[in-house]
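Written out below as structure tokens is the structure these notes cover.
The values are calculated or read from the model by the stated rules, or taken from the named source; none is laboratory data. For clarity, every value in this text was computed on a predicted model and none was experimentally measured. Neighbour counts run over all protein chains shown; Cβ positions are idealised from the backbone, glycine included.
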Amino acid sequence: MSVSFRLKSFRPAVFLSAILLFLCFVSGACGQPSKDARVSRTSFFLNTVVTITLYGTDDDSLIEECFSLCRDYEAALSRTMEGSEIYNLNHRNTDTVSSETLALINTGLSYSALSGGAFDLTIGSCSSLWDFTGENLTVPEPAALSEALTHVGYEKLSVKGNQISFSDDQTMLDLGAIAKGYIADRIKDFLVENQVASATIDLGGNILCVGSKPDGSDFNIGIQKPFDPQGTPMLTVPVSGWSVVTSGIYERSFEKDGQFYHHILNPATGYPCDNNLLSVTVLSEHSTDGDALSTSCFSLGLTDGMALIDSLEDVYAIFITDDYEIHYSKGLPEHFPVTLYD
Ligand code: ADP
Ligand code: MG
């Protein structure tokens, strides 16, 4: 009797649904990702490794669209890619640019003026003579470099509407020192428009955070120990929503005939900046500013670069000198309690 009662009340469909529901709950396969979920993908654009990580999700479909943005911006802003807006401008195939490229050129002009020309977006005639990345690592002929130097100078550039004109026919633009920051900002806009609340955008050490970690805590961004072969961090800074951009001499560099050369050029000489800095990291809300300022400060050197940062609101910096001393701008340790490593 009791057996028949049990058999009557046993409903296989309900039982199976309950098991499935339990399995979904345990594995997070019902569209509800676990709280530690994240997706990360890496690709190569702008001569650099690009990694985008979305937190609190296991859906990576937006990342491919971020990579498409990188591809499109690179095709517009690259100095070397034939047919890009900057290439066409530099080769005088056109004098008109899109509104977005115009905005970036204007930002580049502002930082050129702000840094007194230590950052100069017209460094193109000099930077094109160097090769820090290819197989033919090149030190230019001194005569060619001094000739190229005569075409550098942001005051040779004027902007009227979407038209760009140069007072010197051989002046060339190079947006390499701000393009990655700008692209990171545009990727962040895209992710935020698509309801992403927690992400990191890493364009070759140019890092921009979207929000904080899913549990509300800060991201810990590592600042590399210069020349460390393992890329070990020397310190980490806790940030939410902000950008952390480093300009260092250890990534795009080479040695020839006992001489060390790196890719941040002094617009007064055309040669790599020769000061006691190994890297400058700038913390700012927008990555375009951080990218422009990290290059500007590197070129200005410790004293003038620090003075520039301290004169600006809501921007902080960490300078590492060749004795591996860490120098903080005013207020940095209070706003961003760093963790130091040996
Ligand atoms: P990274 O490209 O490693 O992030 P930066 O943001 O400092 O480093 O940019 C360096 C690039 O900017 C160089 O490869 C070159 O294209 C360009 N550049 C070099 N020196 C200067 C300068 N003084 N002002 C403006 N752009 C520069
Ligand atoms: Mg830069």
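A few comments on the model shown:
- Residue, farthest from ligand 1 (Cβ to nearest atom), within the stretch 306-324, restricted to residues that are surrounded by 24 or more Cβ atoms within 10 Å (Cβ to Cβ) and free of Cβ contacts under 8 Å to residues at least 40 places away in the same chain: TYR316
- Residue in the stretch 80-92 that is touching a Ser or Thr at 6+ places or on another chain (Cβ under 6 Å), farther than 19 Å from ARG186 by Cα and surrounded by fewer than 17 Cβ atoms within 10 Å (Cβ to Cβ) present: yes
- Of the residues making up the stretch 99-123, those that are closer than 22 Å to ILE249 by Cα, more than 15 Å from ligand 2 (Cβ to nearest atom) and not hydroxyl-bearing (Ser, Thr, Tyr) are GLY116, GLY117.
- Search result, residues across the stretch 269-293 that are without any contact (Cβ under 8 Å) to a residue 60 or more places away in the chain and within 9 Å of ligand 1 (Cβ to nearest atom): PRO272, CYS273, VAL280
- The selection criterion, being among the hydrophobic types (A, V, I, L, M, F, W, C), outside any strand (DSSP E or B), within 22 Å of the chain's Cα centre (by Cα) and closer than 28 Å to CYS273 by Cβ, does not hold for ILE63.
- MET81, sole failed condition from (1) in contact with a helix residue (DSSP H, G or I) (Cβ under 8 Å, 6 or more places away or on another chain); (2) within 16 Å of HIS151 (Cβ to Cβ): (2)
- Entry remark, the stretch 197-211: residues being modelled with pLDDT of 95 or more, part of a loop (DSSP other than H, G, I, E, B) and surrounded by 21 or more Cβ atoms within 10 Å (Cβ to Cβ) number 1 in total.
- Flag for THR96 being within 16 Å of ligand 2 (Cβ to nearest atom), of a type in the set (Ser, Thr, Tyr) and surrounded by fewer than 17 Cβ atoms within 10 Å (Cβ to Cβ): no
- Odd one out for ASP228, checked against (1) within 16 Å of ligand 1 (Cβ to nearest atom); (2) at pLDDT below 95; (3) closer than 26 Å to TYR328 by Cβ: (1)
- Complete set of residues in the stretch 212-221 that are closer than 20 Å to VAL280 by Cα and either within 16 Å of ligand 1 (Cβ to nearest atom) or part of a loop (DSSP other than H, G, I, E, B) (or both): ILE221
- Looking only at the stretch 231-249, and only at residues there that are near ligand 1 (Cβ under 10 Å from one of its atoms) and of a type outside the set (A, V, I, L, M), the one that is farthest from ASN276 (Cα to Cα): THR246
- Taken together, the residues in the stretch 178-198 that are more than 22 Å from THR339 (Cβ to Cβ) and either more than 13 Å from ligand 1 (Cβ to nearest atom) or in contact with a His (Cβ under 8 Å, 6 or more places away or on another chain) (or both) amount to 14.
- Only a single item in (1) of a type in the set (Gly, Ala, Ser); (2) more than 21 Å from ILE264 (Cβ to Cβ); (3) outside any loop (DSSP other than H, G, I, E, B) is not met by GLY181, and it is number (2).
- Boolean, PHE227 is within 16 Å of ligand 2 (Cβ to nearest atom), touching a residue at least 12 places away in the same chain (Cβ under 8 Å) and in contact with a Leu (Cβ under 9 Å, 6 or more places away or on another chain): no
- Residues in the stretch 171-195 that are out of contact with any strand residue (DSSP E or B) (no Cβ under 9 Å at 6 or more places or on another chain) and more than 22 Å from ALA75 (Cα to Cα) were compared, and the one that is surrounded by the most Cβ atoms within 10 Å (Cβ to Cβ) is ASN194.
- Whichever residue in the stretch 282-292 is within 11 Å of ligand 2 (Cβ to nearest atom) and not small (Gly, Ala, Ser) and, among such residues, is surrounded by the fewest Cβ atoms within 10 Å (Cβ to Cβ): ASP289
- Among the residues of the stretch 136-149, those that are without any contact (Cβ under 8 Å) to a residue 12 or more places away in the chain and surrounded by 13 or more Cβ atoms within 10 Å (Cβ to Cβ) comprise THR138, GLU147.
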